[in-house]
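The values are calculated or read from the model by the stated rules, or taken from the named source; none is laboratory data. Fair warning: this is a prediction, and the values are worked out from it, not measured in the lab. We place every Cβ from the backbone using ideal geometry, glycine too, and count neighbours over all the protein chains shown.
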């Protein structure tokens, strides 16, 4: 039984020239003069007299005449890749390593053939940061800008001055608590103030008596010691009440905001008996948030401090937020097998909220712009990375490239490709097979 294998690239030709397909052979083709083999540069395949690779000084001469192929670095009229028919040896379609040579062309008889073969193209783009690592992130309050306020001393809540969602400045009152302990300390404070005044008067009197010769210096020293003790007790009580906030008298003290922000929690209520261990208020500055990023264990070695991160959230469509890696956990989570990284995200307009989820992308390359291509555009032939650049409606060129970082969608190209060029993506595998002599899809065949 016979069957036919239909080649999707029927009509494609492989070569290194840009010329159109050769016309039908003539019965008596005219003789053409070919350059002698001795005149050809064996390394570059052009006449030795015009080889700009061996004689770089000739470059300026041909450029001044406008006879220059900037793509391949030869005079346009002698370029062995663009015009192999004008003299010189043709460039081999397959290099010594078995992979397609740089500049190998694949042509179709018609532009429609490429579409029928399923070949799609994209424009090569340049992105700051290069390849990136996708990860899931959760937003949280910045722990350096979050405060927990407790009662400081046991007592009863008498006033509430702020509620959840209230924006406060540093020092604004949150609540007033009445405390017997604070009342006792306030009484001792007043007693200490009286003691200091009495001690000061005694010391001044003793000093005067010493000057008049009526009293001994020992009495003056004793009075000074009593004054120092009274002052120390007074300062201690003031510091204690100042920390509590109970400097207003009547056994009451005021809880105040230690930083500017928003009240995010309130446990206090009027008439409630509270202790010093109870959390009554939480205040957070939301001008920045932390993004806690879950980096997969297998990718953790690629993440470093200082790398740029971009965040996108379903809840805030159309906007991208940026930050940098500031922390990498020294351990792997036993349950999720991820390493937590952290970045600070600016939130000046308050659109971001704690516990939101975000899609993070960690830039793996440096900050300079990087050329990226989709993964589908990169092919490997005999271990050599290749892309196929569209040179015309029906022509593609094999281009050897050097690659860098890669992520799930794109690959960084560090050499061999420029931003703005058009490369094949879907269907590029078929172009690769056309450039390999021993590939299964290199042509059409019939079989039994």
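For this structure, a couple of remarks:
- Screening segment 203-303 for strands (runs of 3 or more DSSP E) wholly inside it with 2 or more residues that are buried (at least 16 other Cβ atoms within 10 Å of the Cβ) and over 39 Å from the mean Cα position of the chain (by Cα) returns the ranges 252-256.
- Check on residue 162, modelled with pLDDT under 90, under 28 Å from residue 278 (Cβ atoms) and either part of a loop (DSSP other than H, G, I, E, B) or in contact with a helix residue (DSSP H, G or I) (Cβ under 7 Å, 6 or more places away or on another chain) (or both): no
- Residues of segment 110-146 that are in a loop (DSSP other than H, G, I, E, B), modelled with pLDDT under 70 and loosely packed, with under 14 Cβ neighbours inside 10 Å: 110 alone.
- A search for C-beta distances below 6 Å between a residue of segment 318-338 that is on the phi > 0 side of the Ramachandran plot and any residue that is at pLDDT below 95 and outside any loop (DSSP other than H, G, I, E, B), counting only pairs 6+ apart in sequence or on different chains, returns 337/297.
- Scanning segment 153-167 for residues that are closer than 21 Å to residue 259 by Cα and either surrounded by fewer than 20 Cβ atoms within 10 Å (Cβ to Cβ) or in contact with a strand residue (DSSP E or B) (Cβ under 6 Å, 6 or more places away or on another chain) (or both) yields 159, 160, 161, 162, 163, 164, 165, 166, 167.
- Here the condition is being in contact with a helix residue (DSSP H, G or I) (Cβ under 7 Å, 6 or more places away or on another chain) and more than 21 Å from residue 411 (Cβ to Cβ); of 337, 317, it holds for 337 alone.
- Near pairs, Cβ below 7 angstrom, 6+ apart or cross-chain, from segment 349-360 (more than 11 Å from residue 315 (Cα to Cα)) to any residue that is assigned to a loop (DSSP other than H, G, I, E, B): 350/286
- Checking residue 98 against (1) at pLDDT 85 or above; (2) outside any helix (DSSP H, G or I); (3) surrounded by 13 or more Cβ atoms within 10 Å (Cβ to Cβ), the condition it does not meet: (1)
- Just so you know, in segment 52-95 the residues that are modelled with pLDDT under 70 and part of a helix (DSSP H, G or I) include one that is surrounded by the most Cβ atoms within 10 Å (Cβ to Cβ), and it is 84.
- The number of residues in segment 369-412 being touching a residue at least 60 places away in the same chain (Cβ under 8 Å) and touching a strand residue (DSSP E or B) at 6+ places or on another chain (Cβ under 7 Å) comes to 28.
- The listed residue being in a strand (DSSP E or B), closer than 24 Å to residue 137 by Cα and modelled with pLDDT under 85, out of 411, 373, 345, 339: 411
- If you go through segment 414-431 and keep only what is in a strand (DSSP E or B), surrounded by fewer than 20 Cβ atoms within 10 Å (Cβ to Cβ) and in contact (Cβ under 8 Å) with a residue 24 or more places away in the chain, you end up with 414, 422.
- Residues that are at pLDDT 70 or above and not in a strand (DSSP E or B) were ranked within segment 392-407; the one that is nearest to residue 123 (Cα to Cα) is 393.
- Of note, residue 378 satisfies the criterion of being within 30 Å of residue 306 (Cα to Cα), crowded, with 18+ Cβ neighbours inside 10 Å and modelled with pLDDT of 85 or more.
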